[in-house]
Amino acid sequence: MNKPADHVANAATAAANTVSAAERIDARAERVKTATSEAVDRTRDAVDRAADRVESTLHNATDKAAHGATRAAEKAEEAKLRGKEAYGEAVDTANDWLDTAREYVREKPVQSIALALAAGWLAGRILRN
């Protein structure tokens, strides 16, 4: 039995196994590093695509909201103009009626007084009942 030689052989085998284990650890670490890098790249690409979709959707929504607000403002302006026209027409009609009533009173003062008395008497009867 050659004990020193066995120790040397065992030490050499252990050293070889240690180098081999270190190489295996390095190889596995490199595979983990590569896989992690690929996963990060895929995740970054997916996040970029999602951000682009969100940005596009937000732009579309903003454009639609702006278009809706513009149309609402246009409709409000149209309604305002129609209201002003209707108000002007009503004022003109009321003024025409007042002018007609004034002319009638000037032309027929007795009939106007009789008509006013009759209208007052009728209004009093209606309101009393």
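The values are calculated or read from the model by the stated rules, or taken from the named source; none is laboratory data. If you're wondering where the values come from, they're calculated on a predicted model, not measured in any experiment. All accessible areas refer to the heavy atoms of the entire protein, side chains included, with ligands and DNA or RNA removed. Shrake-Rupley method; radii C 1.70, N 1.55, O 1.52, S 1.80 Å.
Straight-line reach only, C-alpha to C-alpha below 13 angstrom: list the aspartates and glutamates that residue 84 could link to, leaving out same-chain residues fewer than 8 apart.
Within the straight-line cut-off, residue 84 pairs with 92.
Does the range 83-129 classify as rounded, prolate or oblate by the C-alpha gyration tensor (a ≥ b ≥ c root eigenvalues; a/c under 1.5 gives rounded; else a/b over b/c gives prolate, otherwise oblate)?
oblate
On the accessible surface of the range 21-129, probed at 1.4 Å, how many percent belong to carbon and sulfur atoms?
Working: 5830 of 9660 Å².
After summing per-atom areas, the C and S share lands at 60 percent.
Along the range 95-100, what does the Karplus equation 6.51 cos²θ - 1.76 cosθ + 1.60 (θ = phi - 60°) give for ³J(HN,Hα), rounded to whole Hz, x for Gly and Pro?
5, 4, 5, 5, 5, 5
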